[in-house]
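The values are calculated or read from the model by the stated rules, or taken from the named source; none is laboratory data. Given the structure is predicted, the values throughout are model-derived calculations rather than measurements. Note that each Cβ is placed from the backbone with ideal geometry, even for glycine, and that neighbours are counted across all protein chains shown.
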Ligand code: SF4
Ligand code: SF4
């Protein structure tokens, strides 16, 4: 059944859920749409049971085994699952007395750790680093200055290297500047779990907070460990305190206490931390006790190092090595006696330390000079200063080191290996040449944000290029082709603030683009209030898709409440973002006078609104709220309902778009305005058409953009909208027969004429 109609985007309309309103009751107690039922079962494992799973979940379990009173954080790869699981396990955690807080940003999460300044409560916070640590740094400085009596652990997703999604900097700098202990555990589940427990003890012994950096590979490494019973915290939701402790000015990070706190850091806390790390053997000496040369490695890089040493036949798959290796599971502070003991009597030591600057290497150099240890020190002279230390990178560095000191290993085998890699890489490059286009990451199929950038692209044809202040979130995909929109990214929720210096200098108003996640994370305060305070002439475009989608579609304060009542599929298919007006009410409440809400899929309307913002005589802040539910989340919501309805043999209608290949001329302007992965090309069946024609594949979710763009950009009329009806009614069948009859009639006439 086909209908050549375009106007109604599939993802619009009403939703029968309750609207909690601004600051109203929380959505289903923080319910997140992805289910972690299986993972929650793992958290319940008792003494002796075997835990099998990934590293970051092992950390979640270890926190409960360590008896934490509270967990907070802000989601972000690669540690999102820790908070996601804790939030979904709230009921179980409440039984234990553990409080969970999905914080509005990392700053709030770090401030939450302040609970352990006065009270002997263990607490944990988690976020993505380096960006999250940047946001949290003010609270972290204050926390570290005051010091803690309850153990505090910050689990950092060290998003560094291949696959990272943020600026490449090291969390290590924060440990140094604020005097916070830093663990970098060997990616091995029993080690990680043990170190979580030790981290709390270290924190309580030294009064220092402890950070644990977990790289992508450590978070997602799979393994097993013997579980222990979860510990009910002594102070908890179920065992409450009866009041604050006696007033103690030293607990405040405020002068004059801060001067004493600085001395405490150097004279008391740091020595206590070093002693603990040494006494508890947090760092591991692996391999032979003696040797001509030795390797010092960050714990998190140990597995890669072993893989590299295997190529030299200097290690086996079980991690046994023929070279002495010092594995630094605690990378800050270092224990000078451990370093001198390891290096003494060796000709040379290679420090394997990822990222820049080489903090560890520099500290080791100081320790060796002060201890008058004569071992030659190498590190960044043989290994690259920047970038991930992959097996190949390590191999190349080790090759130079081992050749220089003639320290054994199958050098010839590794040289061959490196040659082969280079050969293969060269062959691949030669074969591929320009044949394959690069494939930049892009929005999901049917994403509500894509139509807005199509509109923005079209509007720029009228106004010329406009300065776009970009932000963090899914909308950053618009920086890639086919849109290539965005002139700067200054951080999460920072776009409007980042356009403040550009705005007064531009003939055409710049546009700051921000997601609703960024809006609540930082954008409201840093951008909106600052702009209002200065009465700036500015444009803010907020994507209201209902979630912090880029971090895994977690809820925000403006996520519409889910209905607990069963809904029919037709209702569920509609977007539900517009049932929540928290963003609009907040902006109006702050005094924003120019505010428009548009449906993202209505490209012409979005264009009209953008034009209005760019040309308005109003000189204050102009905000466009572009609403359309995150397609990923919508699909998650709709598909199970649809499957159940199909089982009940109910009538289901799905929308798909297609391209009439007889009409398509193959100029692909639709693709240049969309970039939807479902809108692709295929060879035309018409031998007279040389260029491939546009084609919509089966991934299309019928978002409506294809039709909308065809209209808004006055493209060719090749697109059609099809409604696929499953379990049709008698009326559907009748209509289908009439339509097919009419089409056959017209086709016959066309052939005759
Ligand atoms: S996750 Fe949602 S908002 Fe992000 S690209 Fe996908 S559909 Fe768009
Ligand atoms: S092919 Fe077109 S209608 Fe289908 S999902 Fe992609 S943009 Fe939407």
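Report, by residue number, each residue of the stretch 55-81 that is at pLDDT below 95 and not in a loop (DSSP other than H, G, I, E, B).
Selection gives 80, 81.
Does at least one position in the stretch 528-538 carry a residue that is touching a helix residue (DSSP H, G or I) at 6+ places or on another chain (Cβ under 9 Å), at pLDDT below 95, crowded, with 22+ Cβ neighbours inside 10 Å and outside any helix (DSSP H, G or I)?
Within the stretch 528-538, not a single residue is touching a helix residue (DSSP H, G or I) at 6+ places or on another chain (Cβ under 9 Å), at pLDDT below 95, crowded, with 22+ Cβ neighbours inside 10 Å and outside any helix (DSSP H, G or I).
Pull out all pairs, ordered by first then second residue, where Cβ-Cβ is under 7 Å, the residues are six or more apart or on different chains, the first lies in the stretch 414-442 and is exposed (fewer than 11 other Cβ atoms within 10 Å of the Cβ), and the second is assigned to a loop (DSSP other than H, G, I, E, B).
441/480
Just wondering, is there one or more residues in the stretch 683-695 that are farther than 25 Å from residue 597 by Cα, within 16 Å of ligand 1 (Cβ to nearest atom) and either buried (at least 21 other Cβ atoms within 10 Å of the Cβ) or free of Cβ contacts under 8 Å to residues at least 60 places away in the same chain (or both)?
No - not one qualifying residue is present in the stretch 683-695.
If I go through the stretch 622-661 residue by residue, how many of them are touching a residue at least 40 places away in the same chain (Cβ under 8 Å), more than 16 Å from ligand 1 (Cβ to nearest atom) and within 30 Å of the chain's Cα centre (by Cα)?
Residues that pass the stated criteria total 5.
Looking only at helices (runs of 4 or more DSSP H) that lie completely in the stretch 84-153, which have at least 3 residues being buried (at least 21 other Cβ atoms within 10 Å of the Cβ)?
106-112, 131-146
Criterion first (in contact with a strand residue (DSSP E or B) (Cβ under 6 Å, 6 or more places away or on another chain), touching a residue at least 40 places away in the same chain (Cβ under 8 Å) and either within 16 Å of ligand 2 (Cβ to nearest atom) or part of a loop (DSSP other than H, G, I, E, B) (or both)) does residue 542 satisfy it?
In short, no.
Which number in (1) more than 10 Å from ligand 2 (Cβ to nearest atom); (2) in contact (Cβ under 8 Å) with a residue 12 or more places away in the chain; (3) more than 17 Å from residue 450 (Cβ to Cβ) marks the one condition that residue 672 misses?
(3)
Looking at this structure, is residue 293 more than 32 Å from the chain's Cα centre (by Cα) and surrounded by 24 or more Cβ atoms within 10 Å (Cβ to Cβ)?
no
I need the full set of residues from the stretch 572-594 which are outside any loop (DSSP other than H, G, I, E, B) and surrounded by fewer than 16 Cβ atoms within 10 Å (Cβ to Cβ), in order please.
585, 588, 589, 590
What about residue 701, is it touching a helix residue (DSSP H, G or I) at 6+ places or on another chain (Cβ under 7 Å), within 16 Å of ligand 1 (Cβ to nearest atom) and over 19 Å from residue 666 (Cα atoms)?
For residue 701, the condition - touching a helix residue (DSSP H, G or I) at 6+ places or on another chain (Cβ under 7 Å), within 16 Å of ligand 1 (Cβ to nearest atom) and over 19 Å from residue 666 (Cα atoms) - is met.
Please go through (1) assigned to a loop (DSSP other than H, G, I, E, B); (2) within 14 Å of ligand 2 (Cβ to nearest atom); (3) modelled with pLDDT of 95 or more for residue 455 and return the number of the only condition it doesn't satisfy.
Going through the list (1) assigned to a loop (DSSP other than H, G, I, E, B); (2) within 14 Å of ligand 2 (Cβ to nearest atom); (3) modelled with pLDDT of 95 or more, residue 455 breaks only (1).
Of the residues 406, 397, which single one is crowded, with 18+ Cβ neighbours inside 10 Å, away from ligand 2 (no atom under 16 Å from the Cβ) and under 25 Å from residue 291 (Cβ atoms)?
It is 397.
Could you pull out the residue among 309, 334, 326, 301 that is under 20 Å from residue 213 (Cβ atoms), within 35 Å of the chain's Cα centre (by Cα) and crowded, with 23+ Cβ neighbours inside 10 Å?
Answer to the check: 301.
Exactly one condition in (1) touching a strand residue (DSSP E or B) at 6+ places or on another chain (Cβ under 8 Å); (2) at positive phi is false for residue 649; which is it?
Only one criterion is unmet by residue 649, namely (1).
Which of the residues belonging to the stretch 168-200 are assigned to a helix (DSSP H, G or I) and in contact with a helix residue (DSSP H, G or I) (Cβ under 7 Å, 6 or more places away or on another chain)?
172, 174, 176, 178, 189, 192, 193, 196, 197
Out of curiosity, is residue 163 outside any loop (DSSP other than H, G, I, E, B), touching a residue at least 40 places away in the same chain (Cβ under 8 Å) and under 15 Å from the mean Cα position of the chain (by Cα)?
It is false that residue 163 is outside any loop (DSSP other than H, G, I, E, B), touching a residue at least 40 places away in the same chain (Cβ under 8 Å) and under 15 Å from the mean Cα position of the chain (by Cα).
Got a sec? Which of 703, 664 is part of a loop (DSSP other than H, G, I, E, B), over 36 Å from the mean Cα position of the chain (by Cα), within 16 Å of ligand 2 (Cβ to nearest atom) and closer than 23 Å to residue 451 by Cα?
664
Could you pull out the residue among 541, 561, 525 that is within 27 Å of the chain's Cα centre (by Cα), away from ligand 1 (no atom under 16 Å from the Cβ) and farther than 14 Å from residue 104 by Cα?
Step by step, each of 541, 561, 525 is checked, and only 561 is within 27 Å of the chain's Cα centre (by Cα), away from ligand 1 (no atom under 16 Å from the Cβ) and farther than 14 Å from residue 104 by Cα.
Within the bounds of the stretch 735-745, is there any residue that is in a loop (DSSP other than H, G, I, E, B), modelled with pLDDT under 95 and either surrounded by 14 or more Cβ atoms within 10 Å (Cβ to Cβ) or near ligand 2 (Cβ under 9 Å from one of its atoms) (or both)?
No: zero hits.
Every residue in the stretch 469-482 that is crowded, with 23+ Cβ neighbours inside 10 Å and either in a loop (DSSP other than H, G, I, E, B) or more than 16 Å from ligand 1 (Cβ to nearest atom) (or both), please.
469, 471, 472, 473
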